[in-house]
Amino acid sequence: MTGSYSEFERWRALSRAKDTSKPVEGADFIWYRMTHLLKRMTFSQRSIINMAREVEQKQEEYATLPVQELKQLLAGSREAVRSNSMNKRTLIAALALIGTACQRTKNITPYRVQYAGVLAMQNNSLIEMATGEGKSLVAAMAGILCGWYGKGCHLITVNDYLAERDSLEMREFYEYCGCSVSFIGGDMKPEARREAYKADVTYCAEKEVVADYLRDALALRSERNLTRKIITAAKQAGGLEARLLQRGLFCVIVDEADSVLIDRAVTPLIISQEVGSRVSAQAYYECCRHVEDYQEGQDYRLESLHKAVTLLPPAREKYRNKTVGGVRGRILEDMIIQALQAKHFYRCGHDYILDADKVVLVDNSTGRLMPNHSWKGGMQQAVEAKEGVEITLPKETCARISFQRFFRQYERISGMTGTASECRQELWQVYRLPVVAIPPRKVCPRIFLPVKVLATKEEKWQAVLEEAVRIHAGGRPVLIGTRNVRDSQVLGELFGRNEIPCAILNAVNHREEADIVAEAGKEGAITIATNMAGRGTDIKLGKGVNDLGGLHVIATEIHTSGRIDRQLFGRCSRQGNNGSVSIIVSWEDEMITAFSPLLARLMRHLLGRVNKTGADNPRKGKMLRGKIASTCFRFAQYKAQRFFARQRLNSERYDYRSQESLSFGGEDIV
């Protein structure tokens with residue numbers, strides 16, 4: 001890196017004039033729908049499969065090339081990319097050369113569907129590719145093509161472990177193709193991070209790249225004109241190299257893209273610092289004890305869907321003219337509301353866990369820990385008071401940005417996932433990112449068993465136990481998916497009481513993840529796991545397991561998004577292997593009670609009558625109950641998906657309006 005301004009023209013996050021935060025509404029939305037349809041018609045699945053077939057034919061021609069000649073051709077393709085002279089013919093040849101390099105360095109010949117995935121991503125698309133189809137290799141080949149631009153490519157992985165693992169495993173392949181590769185780890189020093197970002201391809205978790213972006217933005221906050229910041233900093237002693245970590249936001253490839261771009265889209269990443277508080281730690285403890293005397297319906301009203309608490313007049317009388325922990329008035333009212341929210345809506349084993357007497361947040365979409373995250377506005381302190389652990393100091397926000405707004409700033413964006421069809425329209429509307437479905441290499445023989453719906457959770461857990469024991473008796477491995485840590489522990493205790501050995505994979509014992517997953521496909525194994533999205537490791541079947549019927553997956557709850565359900569189902573029947581799925585749920589499950597409570601109560605009553613009328617024909621009654629119950633759960637899931645989609649849209653609007661207001665006031669927006 002040098003100090004010249006021309007070298008940093010690609011610092012797009014700070015210099016581009018395009019407003020990436022304005023939500024698409026009205027006539028713009030209709031135009032986006034039309035362009036989306038046109039994009040899908042001009043770049044269809046059939047067209048990329050045909051191109052991939054040509055790549056295969058070309059790769060066969062290159063298979064016998066001498067090493068020196070192959071590297072010369074690779075260097076020529078790299079120069080064609082950097083000079084923007086790449087067309088369809090040269091792209092096919094370049095990808096064939098990369099495939100040949102892969103065969104020589106990794107002893108792996110890419111499949112046609114993998115070439116198709118790279119071609120789609122090179123066209124700035126998001127590919128939906130079945131689990132087990134080799135997305136890591138697809139990402140590496142696409143990363144080489146993007147790295148050849150010489151402007152830096154960020155390859156987003158689920159966590160630091162996968163970033164380090166994939167970058168080291170693919171290093172020889174990258175270097176053979178004339179690309180440098182590195183990774184960002186959570187404990188890396190600024191100097192090491194700066195060097196890592198200089199590589200052509202940098203593997204990193206999304207939280208790391210966004211945090212480094214915010215640190216750079218804070219370093220340049222002293223001046224108001226964003227473009228002038230770069231020119232001024234470049235002229236200073238040491239230049240940008242001494243001040244900034246990244247060299248710009250040019251290209252990004254996102255693994256598990258639906259999880260990052262949709263599920264965590266509106267989650268803000270915040271850089272903050274501890275500040276003093278007018279409220280003492282003792283006040284939080286006392287407020288927590290104070291609300292124990294409050295009665296729901298008499299003193300306050302709950303709204304579960306929005307995690308809201310409304311205080312009623314009797315409650316207000318209890319603290320009117322009263323001091324609790326040295327706090328009174330409006331501050332006391334806010335603290336009482338937060339104490340009630342912590343009591344009813346923030347659950348240990350679901351939203352957080354206790355680790356070394358500290359509250360550690362859990363990502364509900366992946367079941368992973370978020371050790372450096374905290375709730376804002378005093379909620380973190382309220383939860384700590386509820387659990388009786390040490391109260392941490394409140395923090396003041398220095399810089400913040402949502403993942404949605406951050407990823408829209410890249411000039412080139414692509415990604416891959418196993419589940420994207422359900423959010424196809426939202427991905428296009430927000431990111432202008434079309435979804436291309438890549439067909440599986442082999443037909444998937446997955447078998448879905450009839451849905452079982454029980455009245456209570458206790459009955460559901462017993463049915464799960466019986467189902468697992470039945471499958472386990474035949475020697476097949478069983479994977480049981482739960483929605484949160486607490487359910488996985490309840491189920492684990494049930495198996496323990498019945499002296500049935502099982503492994504538990506959740507946020508509490510995530511450090512043993514690789515070992516647990518490695519054993520999950522062996523004969524007779526029983527594994528209980530929280531959400532399986534982004535585990536990054538295939539469950540490989542043991543010897544002879546496929547002949548027994550393959551892996552059996554038991555889903556114990558329908559999620560608020562069909563994509564998360566499919567991520568669990570996709571753990572079996574990979575690459576043509578055998579496998580089966582059963583769904584066992586109850587009318588007390590969180591999703592159905594939160595989004596269709598009246599329907600759940602009504603269906604309990606109606607299905608009880610169906611049980612009686614179907615007594616003459618049990619099979620007919622059972623089929624009718626299953627169909628009705630499945631329809632009810634699909635309806636509730638549809639409502640949940642619409643609810644969260646509206647939340648993301650509202651957050652996008654709020655983000656845009658906030659930016660407009662602060663920009664009008666002359667303040668910098670990070």
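The values are calculated or read from the model by the stated rules, or taken from the named source; none is laboratory data. As the structure is a prediction and not an experimental result, all values here were calculated from the model. Because the Cβ atoms are built from the backbone with ideal geometry, glycine has one as well, and the counts that use them run over all protein chains shown. SASA here: full protein model, heavy atoms, side chains in, ligands and nucleic acids out. Shrake-Rupley method; radii C 1.70, N 1.55, O 1.52, S 1.80 Å.
In a shell of Cβ-Cβ distance under 9 Å around Y319, excluding Y319 itself, what net charge do Lys and Arg (+1) and Asp and Glu (-1) give? List each step's numbers first, then the result.
Values: positive: R316, K318, R320, K322, R328; negative: E317, E333.
Computed value for this residue: +3.
Taking the Cα centre of the range 444-590 as origin and charging only Cβ (+1 Lys, Arg; -1 Asp, Glu), how large is the dipole, in debye to the nearest 20? Could you put the intermediate results ahead of the total?
Values: 18 positive and 19 negative charges, 101 e Å.
So the magnitude is around 480 debye.
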**Fill in**
So, over other residues within a Cβ distance under 14 Å of K106, counting Lys, Arg +1 and Asp, Glu -1, the net charge is -2
**Prompt:** Bin by bin, in steps of 10 Å, what percent of the Cα pairs in the range 518-581 do you find, going until the bin that has the longest distance?
**Reply:** 21, 57, 21, 1
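For the range 284-382, what is the accessible area per residue in Å², given a 1.4 Å probe and the full set of protein chains?
Details: 5080 Å² over 99 residues.
Roughly 51 Å² per residue, with all protein chains present.
Give the accessible surface of the range 403-451 per residue, rounded to a whole number of Å², with probe radius 1.4 Å and ligands, DNA and RNA excluded. Let's see the in-between values first.
Working: 1850 Å² over 49 residues.
Accessible surface, normalised per residue, equals 38 Å².
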**Asked** Quick one: in the range 316-389, what % of C-alpha pairs are over 15 Å apart?
**Response** 57
**Request:** Mind ranking 580-588, 556-564 by how tightly packed they are, going by the mean number of other C-beta atoms within 10 angstrom, highest first?
**Result:** 556-564, 580-588
**Item:** Dipole in debye (nearest 20) - the range 425-466, about Cα centre, beta carbon charges: Lys, Arg +1; Asp, Glu -1
**Value:** 300
**Prompt:** When N counts the residues of the range 247-385, how does its alpha-carbon radius of gyration compare numerically with 2.2 N^0.38 Å, as a ratio?
**Reply:** 1.26
**Residue-wise HN-Hα coupling along the range 396-401, computed from phi with Karplus coefficients 6.51, -1.76, 1.60 (Hz; x: Gly, Pro)** = 9, 6, 9, 7, 8, 7
**Prompt:** So, with +1 on the Cβ of K and R and -1 on the Cβ of D and E, and no other charges, what is the size of the charge dipole of the range 351-413 about its Cα centre, to the nearest 20 debye?
**Reply:** 460
**Asked** Amide H of R347: which non-local residues (sequence gap of 5 or more, or other chain) have their own amide H closer than 5 Å, using H built in the peptide plane?
**Response** Y352
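As a quick test, which of the pairs K395/K457; K460/K522; K151/K358; K106/K540; K135/K198 have an alpha carbon distance above 30 angstrom in this structure? Could you put the intermediate results ahead of the total?
On the way: K395/K457 39 Å; K460/K522 26 Å; K151/K358 41 Å; K106/K540 20 Å; K135/K198 25 Å.
Too far apart for the 30 Å limit: K395/K457; K151/K358.
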**Request:** Whenever you get a sec, compute what percent of the accessible area on the range 121-195 sits on carbon and sulfur atoms (1.4 Å probe).
**Result:** 50
**Message:** Per residue of the range 377-385, what does 6.51 cos²θ - 1.76 cosθ + 1.60 with θ = phi - 60° give for ³J(HN,Hα)? Whole Hz please, x for Gly and Pro, Karplus curve as stated.
**Reply:** x, x, 5, 4, 5, 5, 5, 5, 5
**Prompt:** For the range 397-499, what percent of Cα pairs sit more than 20 Å apart?
**Reply:** 64
**Request:** Find the Cα radius of gyration of the range 122-230, compare it with 2.2 N^0.38 Å by division, and give the number to two decimals.
**Result:** 1.17
**Prompt:** If you take all C-alpha pairs in the range 163-202, what percent of them are over 12 Å apart?
**Reply:** 54
**Asked** What is the distance in Å between the Cα centres of the range 91-137 and the range 320-371?
**Response** 46
**Request:** State log₁₀ I(q)/I(0) for the range 391-439 at q = 0.14, 0.19, 0.23, 0.25 Å⁻¹ as given by the Debye formula over alpha-carbon point scatterers of equal weight, solvent excluded.
**Result:** -0.51, -0.71, -0.91, -1.03
**Request:** Determine ³J(HN,Hα), in whole Hz, for all residues of the range 59-67 in sequence, where each value follows from phi through the Karplus function 6.51 cos²θ - 1.76 cosθ + 1.60 and θ = phi - 60°; x replaces Gly and Pro.
**Result:** 5, 5, 5, 7, 4, 9, 5, x, 4
**Message:** Could you compute the net charge surrounding M86? Neighbours are other residues with a C-beta less than 12 Å from the C-beta of M86; K and R count +1, D and E count -1.
**Reply:** +3
**Fill in**
Dipole check, the range 434-574, charges on Cβ (K,R +1; D,E -1), about Cα centroid: among A525, G562, I539 the Cα furthest to the positive pole belongs to G562
